[in-house]
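Derivation of every value follows stated rules applied to the coordinates shown; laboratory data play no part. Keep in mind that what you see is a predicted model, and the values were worked out from it rather than measured. Neighbour counts run over all protein chains shown; Cβ positions are idealised from the backbone, glycine included.
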Amino acid sequence: MGGGPVLKRALEVVRQLGVADEDLCSSSDPVSAPGSPSRRRTWVMLQRRAPHGSSASPARTVKPMETFDAIRARRNVRAYTDRPIPPQDLDRILEAGRRAPSSMNDQAWDFVLVTERERLRELSRVWRYAEHVAGSAATIALVLPATEDRDERDIRWFDLGQAAMAMMLAAADLGIGSSHAAVGDQALARELLGLPEDRECAMLLALGYPADRPLRPIEEPARRPLDEVVHRERW
Ligand SMILES: Cc1cc2nc3c(=O)[nH]c(=O)nc-3n(C[C@H](O)[C@H](O)[C@H](O)COP(=O)(O)O)c2cc1C
């Protein structure tokens with residue numbers, strides 16, 4: 001593979017990031033990105049990681065997924081191994097939530113990270129379908145200001161949903177499973193998490209490495225068909 005010094009440097013960086021030779025796109029045809037999926041992926045990595053010939057900083061512990069693969073691989077995982085999640089990966093997941101967009105950039109959310117086993121067990125009692133929280137490696141409590149205002153509530157829940165999805169995708173990207181759990185017993189959640197009176201725990205996000213099967217893109221998800229869901233131009 002030939003190419004100029006900039007491309008050579010970029011390829012060097014990509015190799016340091018652990019990309020196999022066969023994944024690299026041809027230097028004579030760097031814009032061949034829209035070709036095979038592996039080429040597209042590498043080109044995305046080149047653009048993302050080495051935009052100005054920067055030196056490689058291996059911030060990741062695993063080989064990253066392509067965004068669309070993470071979207072297709074994410075599913076609700078409710079059974080976890082005992083393996084703890086490295087703190088830097090938890091921070092990365094939380095950072096994904098922090099970066100989520102919100103109406104008027106309000107960012108009305110707070111995230112409480114829980115990793116202590118006993119607290120996780122207690123937390124799993126806040127809702128009948130929150131049992132998986134007990135065995136999670138970590139659970140993030142998604143907290144909102146308590147409000148009776150319907151419009152404000154709707155908007156903040158929408159915002160929080162985006163933050164939750166960003167965190168779940170960041171987790172999937174790291175091979176970490178996630179699952180929501182709703183909160184029924186607000187008083188118990190508030191007590192366990194030490195929330196102020198003017199806050200409520202909207203949702204729990206349990207995290208852990210899947211005990212059943214690793215996260216892989218799902219070919220046929222349990223979803224309504226695209227043709228049924230999508231209305232083009234008009235309903
Ligand atoms: C608002 C909301 C609340 C949810 N609450 C729970 C819950 O309390 N317990 C649970 O196990 N899963 C909960 N889920 C997960 C859904 O059951 C799950 O997203 C759905 O079944 C699709 O699963 P899949 O993404 O694995 O296909 C919730 C999801 C959402 C979006």
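Using a Förster distance of 22 Å, how high is the FRET efficiency between Ile155 and Arg216, based on the Cβ-Cβ distance and rounded to 0.05?
That gives a FRET efficiency of 0.05.
Amide H to amide H under 5 Å from Glu200: which residues, 5+ apart in sequence or cross-chain, H placed 1.01 Å off N in plane?
Leu144, Ala146
What distance in nm separates the simple spin-label points at Glu228 and Ala146, each placed 7 Å from Cα in the Cβ direction?
With each label point 7 Å from Cα toward Cβ, the separation is 4.0 nm.
Would you list Leu142, Leu90 from fewest to most Cβ contacts within 10 Å?
Leu90, Leu142
Taking the number of other C-beta atoms within 10 Å as the exposure measure, put His132, His231, His180 in order starting with the fewest.
Taking fewest neighbouring Cβ atoms as first place, the list is His231, His180, His132.
In nm, to one decimal, how far is the Thr115 label point from the Arg83 one, both placed 7 Å along Cα→Cβ?
1.6 nm
With charges only on Cβ, +1 for K and R and -1 for D and E, what is the dipole size of segment 69-208 about its Cα centre, in debye, rounded to 20?
The calculated dipole for segment 69-208 is roughly 620 debye.
Using the Cα gyration tensor of segment 69-208, with a ≥ b ≥ c the square roots of its eigenvalues, what is the shape: rounded (a/c below 1.5), prolate (a/b larger than b/c) or oblate (neither)?
Oblate, since a/c reaches 1.5 and b/c is not below a/b.
Need the full-extension length gain, Ala187 to Arg125, defined as separation in residues times 0.36 nm minus the C-alpha distance. One decimal, nm.
Computed gain between Ala187 and Arg125 is 21.2 nm.
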